[in-house]
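J.: The structure is given below, and queries will be raised subsequently.
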Amino acid sequence: MSKKITVYTRTSCSYCAQVKKLLDMKGQTYEVVNLDENRAAEAEIVAKSGARTVPVVVVQSESGDEKIASIGWNPGALMAAIA
């Protein structure tokens, strides 16, 4: 089993596009949750991260532990979390 990556985005977010491009370049699979289309997910991710900005990347480990990998454009934190 591999890590499960979820990227919380908004439609017009340029940093969100950069995060997805970086994950694509690294050959990572991920799920995208667009907060413009899913208000329930928006409340959930704000409660988990405390952030009202996107992108928020959540990584779930093989054991099921979940952590906020990065908030905003933070490639260093993101790469460390998916390593």
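None of the figures in this text is laboratory data; all of them are computed from the coordinates on show. Keep in mind it's a predicted model, so treat the numbers as computed, not measured. Counting neighbours? That spans all protein chains shown, and the Cβs are built from the backbone with ideal geometry, glycine included.
J.: Quickly run through the stretch 36-83 and pick out the residues that are among the acidic types (Asp, Glu) and without any contact (Cβ under 8 Å) to a residue 60 or more places away in the chain.
T.: Asp36, Glu37, Glu42, Glu44, Asp65, Glu66
J.: A follow-up question, please. Restricting the stretch 54-73 to residues that are within 11 Å of the chain's Cα centre (by Cα) and outside any strand (DSSP E or B), which is farthest from Ala41 (Cα to Cα)?
T.: Trp73
J.: Right, another one. Checking the structure you have, find out if any residue of the stretch 12-29 is over 22 Å from Ala83 (Cα atoms), of a type outside the set (Phe, Trp, Tyr) and not in a helix (DSSP H, G or I).
T.: yes
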